[in-house]
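Please read the structure below before turning to the comments.
A short reminder: the numbers here are calculations on the coordinates, not readings from a lab. Because the structure is a prediction, the values reported are computed rather than measured. Cβ atoms come from the backbone with ideal geometry, glycine included; neighbour counts cover every protein chain shown.
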Amino acid sequence: MLQRSVSIDYLKCLLAVGVVLGHSILIHAKLVEWSFLTGMGLLRSLVPAFSVVSGYCFFVTYNRGKALKWLSGLVVAYLFWTVFYAPIWVEPDTTWRDVAYVFVWGTMHLWYIAGLIVAAILIIAFASLGERTGTGLWPMMISASVLAGIGSVLAFLAFYRDWQLPLEFSRNGFTVIFPFAAIGYALASWVARNGRDSLPRLGVIWLVVAVLFGLRLGEALFSMRTYGLSLAAMPEIPFLALPAPVFLFLGFLRMDLPELPVNLSGWSSSIYFLHIFFILAVHRFLGIDSIPVFLLVGVVVPIILAQVMERLRPHLARLLRTGKRTVGERGLREGSA
């Protein structure tokens, strides 16, 4: 069975900070060369890397028989945060059809959670199929490859053939999150069987990471020189887009980073879910339009809140237990009266 890796918690925090930077650039909405190259060359690998991490961790959840419980918790979290952000995405002319569309595909950064729900369902289905048929991970990996290929083809057709396809057709749980989550799941299966030392050496992995992300920056530079500074950038080249986040994940998995006296996983979750709220708050209500300020409030304030909740959690749990006990005792008294 896999052992918990503190290094993955470091990676999750790094990815969360990268997501804040990416959304800060988008909300700032004034692309210059550095922001374009950073966003298109580096930050486009963040969600795939998050997906690899999720698939890797889900392997443990599935094999402990807790997949459905985890999935139900994810659905509840997704519904909560979608409603939480409703004042932002709901407009005066929003229809019920628009609301249904948002809940299916996700809004803003929550599209990843919507996609992760789909990915988890597919992983459960294909893992179960592999177990029943004795085909192992083959059904999952073949399906993931086909869906990733379809997503890439749709993205290129939309860009080069001017197909009027919504972004959600090529960027969703089926064509992005599931393929990378399946890779993470397969890596976890490999490490569980063969050990972490069966992976390539750390130096080799980070050399590959450097080469891949250097090529990704070159890809972004080509897009910028050819098509200009536009969010409608050239679609990602598959043979770069696929391995870059996977090797980034492997680089952290191979490291032995020290455990800190803080909950890095809680930090990353707080940053991910809350950063948009605080960025838009300072942008809309204070009139601030600065990427460094967006990055600061999008990272620091959620971390502070995560630390506060970490301190309050034992007290809240104690209050909850006391409340349940009081209600139970009251019920017994009323029943015997």
Exercise for the section: Any chance you could check the Cα centroid distance between the stretch 247-318 and the stretch 106-127 for me, in angstrom? Expected result: 22 Å
Exercise for the section: Name the most mobile residue of Ile124, Ile237, Ile113, meaning the one with the largest mean-square fluctuation, in a Gaussian network model of the chain with Cα contacts below 10 Å. Expected result: Ile237
Exercise for the section: Name the most mobile residue of Pro92, Pro258, Pro166, meaning the one with the largest mean-square fluctuation, in a Gaussian network model of the chain with Cα contacts below 10 Å. Expected result: Pro92
Practice task
Kyte-Doolittle cut-off 1.0, length cut-off 24 Å along the helix's own axis using Cα: show which whole DSSP H helices in the chain pass.
Solution key: 6-28, 46-63, 67-84, 111-133, 138-160, 202-227, 264-284
Handout entry: Where Rh is the Kirkwood radius over Cα pairs, Rg/Rh for the chain
Key = 1.00
Completion exercise
Expected sort for 242-249, 195-202 on mean C-beta neighbours within 10 Å, highest first, is 242-249, 195-202
Practice task
Report the full-extension gain for the segment Val99 to Val204: residue separation times 0.36 nm, less the Cα-Cα distance, to one decimal in nm.
Solution key: 33.1 nm
Handout entry: Cross-link partners of Lys30 among aspartates and glutamates (Cα-Cα below 13 Å; sequence separation of 8 or more within a chain)
Key = Asp289
Problem - Residue order, fewest to most beta carbons within 10 Å, for His283, His23, His275 - result: His283, His23, His275
Practice task
Taking only Cα atoms and a 10 Å spring cutoff, compute GNM fluctuations for the chain and point out the largest among Val90, Val19, Val211.
Solution key: Val90
Problem - Where chymotrypsin sites (Phe, Trp or Tyr not before Pro) fall in DSSP loop in the stretch 162-209, at most 13 other Cβ within 10 Å - result: Trp163
Problem - Rg/Rh for the stretch 1-91, where both radii come from Cα atoms and Rh is the Kirkwood radius - result: 1.06
Fill in the blank from the handout: Under the rule rounded for a/c under 1.5, else prolate if a/b exceeds b/c, else oblate, using alpha carbon gyration tensor axes a ≥ b ≥ c, the stretch 122-214 is classed as oblate
Problem - Check: the stretch 20-154 dipole with +1 on Lys, Arg Cβ and -1 on Asp, Glu Cβ, in debye - result: 420 debye
